[in-house]
1. Report the local net charge at A252: Lys and Arg +1, Asp and Glu -1, summed over other residues whose C-beta lies under 13 Å from its C-beta.
2. Residue by residue through segment 3-12, which ³J(HN,Hα) values in whole Hz follow from phi under the Karplus form 6.51 cos²θ - 1.76 cosθ + 1.60 (θ = phi - 60°), with glycine and proline marked x?
3. DSSP loop trypsin sites (Lys or Arg not before Pro) in segment 1-84 with at most 14 other Cβ atoms within 10 Å of their Cβ, which ones?
4. Report, to one decimal in Å, the Kirkwood hydrodynamic radius for segment 1-137 based on all distinct Cα pairs.
5. With 10 Å bins from zero, work out the P(r) of segment 1-53 over every alpha carbon pair and list the percent per bin.
6. Less than 13 Å Cβ to Cβ from R66, Lys/Arg counted +1 and Asp/Glu -1: what total charge do the surrounding residues give?
7. Could you give the radius of gyration (one decimal) and Dmax (whole number) of the Cα atoms in segment 82-184, in Å?
8. Using per-residue counts of other Cβ atoms within 10 Å, averaged over each peptide, order 89-96, 121-128 from highest down.
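The values are calculated or read from the model by the stated rules, or taken from the named source; none is laboratory data. Keep in mind that what you see is a predicted model, and the values were worked out from it rather than measured. Cβ placement follows ideal geometry from the backbone for every residue including glycine, while neighbour counts extend to all protein chains displayed. Remember, those area values only see protein heavy atoms, side chains included, never the ligands or the DNA or RNA. Shrake-Rupley method; radii C 1.70, N 1.55, O 1.52, S 1.80 Å.
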Amino acid sequence: MPVSEVAIWSAMLGGLLTLAGLALGDVINHRTVAAARNLMFVVFTGASCVVMTGLLEAFFPFLPGRLMVVLKASLGPMAGAMGLYFIGTWLGGVREDAQVHKITTWGASLLLFAGMALALTATQADLAHVRPLLISAAVVNMVPVLLALSAVMRATQLGDPLAPWMLLAIACLAAMVLGHYLHGLDAPGLGMVSQLFTAVITVTFFLIASVLGVIRNRQARLLARLSRLEPGSDAATGLHTGAALIADMEHAFWRTARLQGECTVVCLHLNNLYELTETGGSTIEQQIQVTVSARIRRAAGFRCVVGLYHPRCFVVVIYTDRHQPPVNETVGRLRNMVGQPMIVTDGKHTRQVFRPSLGMGVVTVDPTRAAPLDVLNDAEHRAVADASANRPSIENDVLTAPSPLS
């Protein structure tokens with residue numbers, strides 16, 4: 001094998017190993033079946049591509065020729081069967097579309113049997129005349145491409161938002177399968193340009209498919225988290241409210257007392273939360289709350305307690321000692337980030353600008369001598385007074401009260 005060809009296929013192998021490493025990191029981080037499925041897809045299907053390049057024979061010339069023939073004949077169709085089944089699962093399975101589920105499930109089963117038959121045939125084939133066997137494997141391997149294309153096209157017509165991007169991946173898959181088998185068959189007229197194109201299209205396919213898999217898995221995890229929302233949590237932001245918020249504050253006070261530090265409770269009062277509700281609908285309120293909670297978390301960090309006292313009042317509990325930066329820096333960062341304008345979308349899909357009218361109340365206490373509820377009420381009263389001083393009340397203002405604590 002020429003050095004240029006070894007370099008091209010080695011670069012392709014490096015890209016596949018990088019994607020496999022990222023998929024492995026996703027498995028370790030989330031430990032879900034979907035993440036493991038993505039890793040299996042990259043490893044198994046990527047191995048079928050590497051086998052067809054002849055790179056293994058170049059690096060390991062002592063490998064048995066019979067073994068390589070069996071792998072080249074069967075690994076591609078078996079990887080196609082697995083990929084077709086995984087695409088059906090990615091598209092939602094039987095719960096989304098029974099027809100697509102039948103196409104992918106039955107197609108994957110038939111391809112698996114075809115791959116096993118090719119492997120059995122390869123064990124008996126004459127090593128000097130394996131070209132017809134590889135041609136048969138190439139034909140079989142194009143079947144999952146066509147079945148996946150029909151399934152994804154149907155999903156696109158039915159409105160799956162990620163399916164059009166998967167069509168692009170299927171187009172790359174078709175070019176990838178065709179390119180690898182043409183090189184495996186030593187078809188005339190192929191050179192370094194076709195090798196480079198095949199390597200690039202292979203990495204592109206795996207990159208697009210992996211990204212789409214991660215996006216769909218993230219959406220599924222989000223839905224699972226929202227479906228098991230804990231009692232005492234706000235449905236829009238997921239922040240603790242009521243008794244759950246007080247319990248978080250008590251734990252923060254207890255932990256800070258053990259470390260001989262101080263606790264600073266910051267209340268952020270959105271005086272004009274309902275300013276756009278009358279013209280834009282109630283969904284604007286939730287958009288504002290979600291955006292504000294994200295900004296608070298970015299400004300305060302992940303070690304602080306963040307909760308929702310009532311719809312217009314967010315709570316942040318900050319631990320402070322001589323090793324921590326001054327609280328004024330965090331408070332200033334909170335005021336600056338939360339007070340910035342934001343874009344919201346009303347019920348008519350019209351974008352509007354919301355400019356928060358913010359009031360802040362800050363109370364620093366010794367956690368060994370303070371009651372969380374009293375401190376919270378004090379900080380909330382200061383925030384309301386600050387908001388009223390910064391912006392006079394208007395007819396759109398709505399009185400709100402904290403959530404029940406029991």
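1. Combined, the nearby Lys, Arg, Asp and Glu give 0.
2. 5, 4, 5, 4, 5, 5, 5, 5, 5, 4
3. R31
4. Kirkwood radius, segment 1-137: 16.5 Å.
5. In whole percents, the pair-distance histogram is 25, 43, 22, 9, 1.
6. -1
7. 15.4, 50
8. Descending packing order for the listed peptides: 89-96, 121-128.
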